[in-house]
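Have a look at the structure below, then the notes.
Throughout, read-outs are computed from the coordinates displayed, never taken from laboratory work. What you are looking at is a predicted structure, and each value in this text was computed from that prediction instead of being measured. Every residue, glycine among them, receives a Cβ derived from its backbone with ideal geometry; neighbour counts consider all protein chains shown.
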Amino acid sequence: MTYTIDEDERRIREKYGDLLKGLEEDEKECESNANRFHSRHYVDITAGIIVYLLSLWFFVASFPDASNFLWMGMAAALVIYVKRWRVYYFTELRIRYTLAVMFFIHIWLGLALFFETGHVDNALFGWFLSYGYCLLGMPLLAYWVWRKRQDDRLMLLAYLSGLWFILLCCLVPAPDRFLIFFCAVVAYLSMCLIGYRVREGTFIKDPMTLRSIPHILIVLVLIPLSFFPNQKILLRHLPEFMSLYLMVAGLGAIEYLFYGLEECGAFRAYDWAELEEKRRKG
C-alpha cells in the first residue's frame, strides 16, 4: 500500500503531534529572543559606557584648559551611539545612526586636521596617507566593506579601526604603539576564546570566559591610557586629536564587543540556556 507525501505528513503529525508542536513553539520563542535584548546586552553596554566615561574623565583631567567643546563632543558622540544601540535589531534605523556616527566623527577629524595641521604628518606615512587616507580613504574603505558585506556594523568597525590605526602610527612613538597593538591582539584572542567556548557549549558554565568580556574593553581602552602620560607621545600635546582618539577607541571597543558577541552566538547562548532551564523546570 502506497502513501502520498501529504498522508505521510498527516500520519507523522498524528503520532508525534505534541512533540512537533513543542518544537515549533520553542523555535518561535528562540526567534523572538533573537530580536530582543537579553539582560546581558544591558550589562555589556553599561560596561562600555562606564569605560568610555572613564576615558572622558582622563581627557578632562589631562587637558584642564582645553575647550569645553571637545569633551562635549565626546559626550555627544556617545549619546548618538547609545541611540543607535537602542535600535540595534532594527536594521534600517541602525544604518541611519551608523551613518550619523561616522559623519559626526568625520567632521571632527576634518576640524582636528584643520586646526592642528602639520602635526599628523610624519616620516613614516607622509602627507598622502596622513591626510588623504584619513579624509578620503577611510570613507572609501567603509563604502567598500559595505558593498562587499552589506553590514553596517562591519562598515563602522572598518572606519573606526582605520582611524585608530593611522592616529597611533602618526602620533605615538614605536615602543608605545606596539604595546597598544599588542593590547588589541589580546582583545582579539579573548573574543576568539569566547567564540570557541560558545561552539563547545561551555560558554555559560565557564566563569573565565564570562570575565573575558569586560576585559576586552579594559584592554582596548583603559590599559593604553596608562601609556599616554609619556611626554614623548604627540597625542599628549594635542587635545583635538586626543579627544578624537579616545572617541574612536571607546566607540570602536564597544562596537567590536557587541559585534563579536553577536556573531559568535554568545547572546543566543544565554537565550538557549534560559530555554533549557525552563524545559527542566517544566
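Among 68-81, 244-257, the peptide with the highest mean count of other Cβ atoms within 10 Å heads the list, and the full ranking is 244-257, 68-81. With R₀ fixed at 30 Å, the C-beta to C-beta distance from residue 68 to residue 226 puts the FRET efficiency at about 0.70. Going from the fewest other Cβ atoms within 10 Å to the most, the residues 98, 202 appear in the order 202, 98.
For residue 172, no residue 5 or more places off, or on another chain, has a built amide H under 5 Å of its own.
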